[in-house]
Structure formats: C-alpha cells, structure tokens
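Worksheet: one structure, shown below.
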Amino acid sequence: MPKKPPKKTALPCAPQMGGRAIITIIGSDRVGIIAGIAGVLAEANVNILDISQSVIREFFTMIMMVDLAGSAISFHELSGRLAGKGAELAVRVEIQREEIFKAMHRV
C-alpha cells in the first residue's frame, strides 16, 4: 500500500485585504494627531499613499489614501483601532474603502 503524503495544515494568518481606502480625520488641532494615526497604520502594516491636512484656526482636518494590500489585520479591526485612537486624541476618524467612497460621491 503506497504511503500517503503528510497532511498539510493551514497556518493561521491575518485576513488579506486588497485595494485602497480613504481615511478622514476631523477635530480640534492638537499635537500628535498625525503621529497617532500613522502609528496605528504602521502597526497594521498599512501603507500611506497620499496625505493632505490643513488647520483652519483651531480646526484640524486630514484626508489620507492608504493601501490595504499588506494589512496584517482585517478592515473591521483596522476601523476599530483607528476609531479608538481617534477617541484617545479627541478627533473623529473614519475609514471607507475607495470603491464605496467613489460610489457615495458620484454625481
């Protein structure tokens, strides 16, 4: 009787995400907002492709485009971590997949 090859077992791995996402941050200006959000993204292995930020008087706004392809965590988990960091920094942080963002803003 021929020997059976060893059974392959799947290694647990993080869910893979593809595509890009838009992150918006709005709130009162303070030190550490960009560093805090960038830190969350770096920990999740999410690459920042483009960033635009402005401060109008005491109000801070930032829009980022990020690449989700190498993310080490799920989109849901990333969204939760960004929201948590936003609460810690007293700013509102939202993330949307690029295709949803485009569909919502189609004229």
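The values are calculated or read from the model by the stated rules, or taken from the named source; none is laboratory data. Just so it is clear, the structure is predicted and the values come from calculations on it, not from any experiment. We place every Cβ from the backbone using ideal geometry, glycine too, and count neighbours over all the protein chains shown.
I'd like to check something: does the stretch 33-44 contain any residue that is within 24 Å of Met104 (Cβ to Cβ), out of contact with any Gly (no Cβ under 9 Å at 6 or more places or on another chain) and among the β-branched types (Val, Ile, Thr)? Within the stretch 33-44 (the criterion being within 24 Å of Met104 (Cβ to Cβ), out of contact with any Gly (no Cβ under 9 Å at 6 or more places or on another chain) and among the β-branched types (Val, Ile, Thr)), the answer is no, since none of the residues qualifies. For the residues Val40, Val93, Val31, the requirement of being surrounded by 18 or more Cβ atoms within 10 Å (Cβ to Cβ), of a type in the set (A, V, I, L, M) and outside any strand (DSSP E or B) singles out Val40.
Across the stretch 43-65, the qualifying residues are those that are of a type in the set (A, V, I, L, M) and not in a strand (DSSP E or B), and the one among them that is surrounded by the fewest Cβ atoms within 10 Å (Cβ to Cβ) is Ala44. Filtering the stretch 66-79 to residues that are assigned to a loop (DSSP other than H, G, I, E, B) and in contact with a helix residue (DSSP H, G or I) (Cβ under 9 Å, 6 or more places away or on another chain) leaves Leu68, Ser71, Ala72, Ile73.
Taken together, the residues in the stretch 22-62 that are under 16 Å from Leu89 (Cα atoms), in contact (Cβ under 8 Å) with a residue 12 or more places away in the chain and of a type in the set (A, V, I, L, M) amount to 10. Within the stretch 87-98, residues that are farther than 15 Å from Ile63 by Cβ sit with their Cβ atoms under 7 Å from residues that are of a type in the set (Val, Ile, Thr), at 6+ positions apart or across chains, in these pairs: Leu89/Ile33. For the stretch 69-107, taking the residues that are among the β-branched types (Val, Ile, Thr) and modelled with pLDDT of 95 or more, the one that is nearest to Ile25 (Cα to Cα) is identified as Val93.
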